[in-house]
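Structure record follows, encoded as structure tokens.
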Amino acid sequence: MLSFSTASRRAVRRLLALVLALCTVFASAACGSAASTDANGLRNVTFMLWWAPDTNHIGVYVAKNKGYYREAGLNVNVVAVAQSGAEQAVNNGVADFSLSTLTNVSTYATKGAQLKQVMQVQQKPSAIWCALKSNGAIHRPRDFDGKTFATFGSSESDAVVRRMIQTDGGTGTFDKVTVGTSTFQTLTSGRADFGGFYSTWEGVQAELNGPELRCFTEPDYGVPGNADSIGVITSNKIISSDPDLVKKFVQATQRGYEYAYEHGDEAAQILVDEAPEANLDIALVKKSMKMIIDGEYWGDRAKINSGEQTFGAIDYDGTQQYFDFLAQSDAYTDANGDVVTTAPQSKDLATDTYLAK
């Protein structure tokens, strides 16, 4: 089964930030489950999926399977993503923790949300912008000029594609079509010429099952910093009221991701077994983990193992470079929909205080 492309997911989450936040970002809601305990005296914690289960989430499933949460005194309940989005749920107290990018946190912050990233798993971009290999008219990003982009309408994606085209010598003009279900299907149907994916998931899907793609990466064509700063988020309210809970959850989750980074195949099997509702292909999950590990998307393994680098540390510089680019591209808006030209500051939106060093 073909899933949404990750760039499409990036766009959907951006749209949730732009639209849903206008409606309910300031709404009051019941607190998350972390105030209660189960029959064994473990603190109940709600972790909300960011999307469908995939290798982005794998460390949470490993931590649950290996008993790391239980050792920390936590009973972590993994729940499906809410219709309004995981960021919205965490901001309103419906969920205690979730995954998101620091970019999304910055988007919500411009509208007044109170979120913070407390562990950054992904340390470098994995987004790829692709056309079908059979499309003989596209061989480099400047060939996107005048072509049709499969998009969910996000200003972020528009800014990225425009910068890539212009860096490659084009004008940065393109048409757009809204993706209904799958970017793969939109391209193969001929409704669009190019779209965005993640190399570590949809790129792997394409390698295993087709269609063959011709792809280009953001850093090679002028997009600065780290757009795909995926990691754990929580609310400022939980950080303020229960920092010990944040520390326990973050460090147990950190252990889960570190284990997955060292034992990719085993972690892949754990994800498949622990998330049967996702009907994941074990070959896809294993190959995705191999790409993550070999490409060191979660950090320099030698430096992590030597203690020189802390797994999950925030990339303040890389994320700030991307925020500055988005602000210069008028991709941020406030709760009223007005353009925000001052870039949010990553140092205000993230902390690695709770990591095990």
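If you go through the range 266-307 and pick out every residue that is of a type outside the set (Asp, Glu), at negative phi and without any contact (Cβ under 8 Å) to a residue 24 or more places away in the chain, you end up with 9. Of the listed requirements (1) in contact with a Gly (Cβ under 8 Å, 6 or more places away or on another chain); (2) surrounded by fewer than 16 Cβ atoms within 10 Å (Cβ to Cβ), Asp244 misses just one: (1). Within the range 303-340, take every residue that is among the β-branched types (Val, Ile, Thr) and assigned to a helix (DSSP H, G or I) and give me the one that is farthest from Ala159 (Cα to Cα). By that ranking, first place goes to Ile304.
One residue stands out among those in the range 308-342 that are among the hydrophobic types (A, V, I, L, M, F, W, C) and free of Cβ contacts under 8 Å to residues at least 24 places away in the same chain: the one that is surrounded by the most Cβ atoms within 10 Å (Cβ to Cβ), which is Ala327. Restricting Val105, Val160 to residues that are at pLDDT 95 or above and within 30 Å of Thr46 (Cβ to Cβ) narrows the list to Val105. Counted as qualifying within the range 125-234 are the strands (runs of 3 or more DSSP E) with 3 or more residues that are touching a residue at least 12 places away in the same chain (Cβ under 8 Å) and open to solvent by 10 Å² or more (accessible area, probe 1.4 Å), namely 175-178, 213-217. Scanning the range 41-86 for residues that are of a type in the set (Val, Ile, Thr) and open to solvent by 10 Å² or more (accessible area, probe 1.4 Å) turns up Thr46, Val78, Val79, Val81.
The values are calculated or read from the model by the stated rules, or taken from the named source; none is laboratory data. Computed from a prediction, not measured in an experiment: that's the story for all the values here. Cβ coordinates were reconstructed from backbone atoms using ideal geometry, including for glycine residues, and neighbour counts include every protein chain displayed. Quick note on the areas: whole protein, heavy atoms, side chains included, nothing else; ligands and nucleic acids left out. Shrake-Rupley method; radii C 1.70, N 1.55, O 1.52, S 1.80 Å.
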